[in-house]
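Report on the structure given below.
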Amino acid sequence: MLQVGFITPYRIALLVLIDNFCKFSIHDSLLPKLAIYITKSILNEEHVRKACSEPSKKDIFSEISNWSDEREVIEQTLQFLEDELTAIETQHHLNVFMDALKPLLDAEPEDEQDKLKLDKSSVMGLFVRKCRIEYATLPFDQLQHVFQAYQQFLGGVAGDAEFANQDITTHWISDYNVAAFLRYQAEAIERTGTTNISPSVLHTYLDKFEKLVPPTNILRQVRYLNYTRTKEYIQSLSHLHLSIDMSLDKGVNVQYALLHLGIMEYKFGHSFNALSALNDALSAARSNKDELCLQEVQFWIEVCRKNHPFNEFSSYTDDYLNNLKTLTRARNLLRNGEPCRYVFELLYKSLIHIIMNDIQHMDRAQFLTTSLTWHRYGNSVLAKSYLNLANASNDKSIDDIEKTIITEANMASTHHQETLHETNIKIYILQLQASGNSDQATNVLDLFTKRYQNESDFLMGWRQTKARITRQMEHKRKLNLIEHQNDLLQITIPPDSEEYFIACHDHAYQLMLKKEFERALLILDEVHDFIRKTDRTSQLGDNLILQATIHLKLNTPSTAIPLLTQAIKVAKSSFDAKNYYSATIKLAEAYLRLNQSAVVEKSIFMLESIFPKVLIMKLKHLESDLYLTYAKALDAHCVFQTEHVILEYVEKAEQGFRDLKLVEELLTVLHFKSLILEKLKMTLEKHKTLNEIRNLQQKKAQ
């Protein structure tokens with residue numbers, strides 16, 4: 001891949017046009033349009049900023065061919081320009097051409113009176129001066145790259161972001177154009193929140209740029225901004241820190257780094273973290289006397305504080321209002337997804353104030369907020385307990401009663417819960433069972449409307465909740481095809497989080513052990529596409545390997561082989577040794593399942609090449625898999641007739657699975673061991689092995 005800077009083949013072509021414009025070498029009728037075209041091409045570089053591409057020679061000639069209806073004039077002009085462009089045949093000719101541009105900027109009169117002189121401050125003059133300065137400062141190797149790229153430009157190749165579609169040996173890329181493209185994308189995302197390129201396509205562009213151009217701060221900045229579009233907090237924060245490190249190394253003041261950190265935290269809804277970073281940026285800007293940054297920081301601080309109407313340090317003289325303020329802050333923290341320790345700190349503080357100051361009419365609000373908090377953070381037992389306390393309180397606020405009813409209905413329609421006690425105010429007659437039945441949730445709401453007929457007419461919360469539950473009952477989600485535990489998984493664990501994907505993987509593995517292969521593949525397929533678009537390469541490898549394992553159990557090795565090949569590539573690119581060796585072992589097993597003698601030796605070679613590396617890792621599960629697969633490969637190879645050697649590897653695998661207490665894998669080893677014992681005519685050992693298999697299967701059935 002050729003590397004060029006500001007001097008690109010397209011800009012050399014513009015210089016050729018400028019040179020012939022100044023020499024009046026073009027037909028007189030085309031000179032005004034040529035001047036307009038050159039000026040627009042210099043000033044308007046939308047193609048570079050929006051698509052990281054430049055027009056090709058064909059595009060230039062196509063534009064010129066529309067300037068006149070006189071075809072003879074157009075054909076003569078195009079042929080003349082073709083000769084002028086191709087006249088630069090060597091590196092020396094290019095050097096001579098760049099030197100020959102100097103007289104165009106010379107203000108002193110010369111012998112050539114028929115040549116137009118460019119004003120040094122004009123658009124063309126500034127462009128020519130910049131090109132000559134950039135060309136004169138290029139190192140020798142980059143001069144060669146510029147010339148080679150120019151030759152490719154004459155052959156029809158253009159600098160384009162889609163360079164992966166062309167042969168990498170016959171293409172070039174401009175560092176200057178890439179930087180301009182990235183600056184435009186960063187400004188567009190910061191200004192509007194989006195850009196003309198979708199997040200997945202822009203992510204692919206950035207991966208390509210990272211491999212082909214030197215690492216720059218703007219590339220990291222666009223990466224973190226692109227992750228803010230897809231709401232991926234960890235990746236965005238990681239690349240922002242990398243961008244900050246590169247910026248500080250280049251002398252950028254720390255207040256701008258803290259400002260970007262505060263803005264990013266605010267975009268993810270972390271108002272406290274954002275205010276903390278912005279306050280630090282405010283102090284740094286004041287110490288550095290940076291007025292512009294100070295104004296920007298103060299603006300973002302005001303934006304963040306709009307989400308916190310109560311000042312943490314202000315207080316009321318009335319205990320009831322003080323406690324209400326504390327509960328309101330706890331509710332806002334819960335809504336913004338702040339760490340749970342801050343929420344519970346405020347809730348405990350409020351409860352202590354209620355008890356110490358004997359505050360009336362606060363019990364239901366306190367218990368209900370605490371119940372919602374535990375419900376949000378996944379502890380259904382405590383959530384249920386505080387909800388019972390809220391139901392049993394003597395406060396008669398109809399709004400609080402409505403919220404209690406809605407909470408109860410939500411918990412009934414989405415969670416497995418304990419049964420509820422009948423409340424003191426006799427709202428509930430029906431006790432909700434632990435089935436998570438939406439019909440029971442609607443019954444609770446109906447009971448509420450019957451008990452409070454007049455008051456419920458003026459309330460909207462219970463109506464919205466009932467409509468939502470009814471809609472959920474009518475429109476089954478796709479994930480309802482999976483068993484109810486997976487539905488519960490999506491509710492209790494934040495979606496698209498690392499814990500969510502690990503839990504999905506474990507659930508699919510358990511379904512595989514239960515021989516529910518179709519459901520397991522459905523779960524893995526559900527999460528595969530999202531994992532593939534992110535940087536979770538380890539989880540992508542686990543996903544592909546488990547899919548391949550299931551296909552091997554379904555005896556479809558031809559489907560498993562592409563999955564394992566992709567898993568090996570992913571593991572290799574992410575330096576994931578465990579997944580690399582695991583996928584290699586499974587791939588060798590898939591080749592053996594093909595029952596083709598040509599691939600048996602290939603399997604043996606693959607396994608032997610990773611043997612010492614796997615043993616060094618000291619992972620018993622991986623070692624046991626390797627021993628078992630290697631024994632199968634030796635057994636399938638017609639040259640090897642040493643069953644005793646095979647039996648030795650099988651016993652090593654058996655011991656490993658016994659130590660790990662993996663029943664499914666142990667059964668597989670024992671089945672294969674019985675076949676080897678039969679070949680060795682060890683009848684007694686074979687019967688012992690079969691008895692053990694029978695016992696394990698019985699225990700597993702129980």
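The values are calculated or read from the model by the stated rules, or taken from the named source; none is laboratory data. These figures come from a predicted structure and were not determined experimentally. As a convention, Cβ positions derive from the backbone with ideal geometry for all residues, glycine included, and neighbour counts pool all protein chains shown.
Among residues of segment 299-338 being modelled with pLDDT under 75 and hydrophobic (A, V, I, L, M, F, W, C), the one that is farthest from Q360 (Cα to Cα) is F313.
Among the residues of segment 185-206, those identified as surrounded by fewer than 20 Cβ atoms within 10 Å (Cβ to Cβ), more than 13 Å from the chain's Cα centre (by Cα) and not aliphatic (A, V, I, L, M) are E187, E190, R191, T192, G193, T194, N196. Taking residues in segment 1-24 that are within 18 Å of L105 (Cα to Cα), and partners anywhere that are among the basic types (K, R) and assigned to a loop (DSSP other than H, G, I, E, B), the pairs with Cβ atoms closer than 9 Å and at least 6 places apart or on different chains are C22/K115; C22/K117; K23/K115; F24/K115. Checked against (1) on the phi > 0 side of the Ramachandran plot; (2) assigned to a helix (DSSP H, G or I), H361 meets all criteria but (2). Filter segment 147-191 down to the residues that are among the aliphatic types (A, V, I, L, M) and in a loop (DSSP other than H, G, I, E, B), then identify the one that is modelled with the highest pLDDT. Only one residue fits best here, namely V157. What residue, among those in segment 606-650 that are modelled with pLDDT of 85 or more and touching a Lys or Arg at 6+ places or on another chain (Cβ under 6 Å), is farthest from F672 (Cα to Cα)? Of everything passing the filter in segment 606-650, Y627 is farthest from F672 (Cα to Cα). Close Cβ contacts (under 9 Å, 6 or more residues apart or on different chains) running from residues in segment 275-299 that are among the aliphatic types (A, V, I, L, M) to residues that are outside any helix (DSSP H, G or I) and at pLDDT 85 or above comprise A284/D290.
This table checks each residue for (1) polar (S, T, N, Q); (2) within 17 Å of E623 (Cα to Cα); (3) surrounded by 14 or more Cβ atoms within 10 Å (Cβ to Cβ).
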position	(1), (2), (3)
H644	no, no, no
E651	no, yes, yes
K686	no, no, yes
R694	no, no, no
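Quick one: would you say D625 is in contact with a Ser or Thr (Cβ under 9 Å, 6 or more places away or on another chain), loosely packed, with under 12 Cβ neighbours inside 10 Å and under 30 Å from F575 (Cα atoms)? Against the criterion (in contact with a Ser or Thr (Cβ under 9 Å, 6 or more places away or on another chain), loosely packed, with under 12 Cβ neighbours inside 10 Å and under 30 Å from F575 (Cα atoms)), D625 does not qualify. Considering segment 243-302, the residues that are among the polar types (S, T, N, Q) and not in a helix (DSSP H, G or I) include one that is surrounded by the most Cβ atoms within 10 Å (Cβ to Cβ), namely N253. Selection within segment 653-673: residues that are surrounded by fewer than 20 Cβ atoms within 10 Å (Cβ to Cβ) and of a type in the set (K, R). The member of this set that is farthest from V600 (Cα to Cα) is K661. State the number of residues belonging to segment 207-242 that are surrounded by fewer than 21 Cβ atoms within 10 Å (Cβ to Cβ) and either aliphatic (A, V, I, L, M) or more than 17 Å from the chain's Cα centre (by Cα) (or both). Within segment 207-242, residues that are surrounded by fewer than 21 Cβ atoms within 10 Å (Cβ to Cβ) and either aliphatic (A, V, I, L, M) or more than 17 Å from the chain's Cα centre (by Cα) (or both) number 11.
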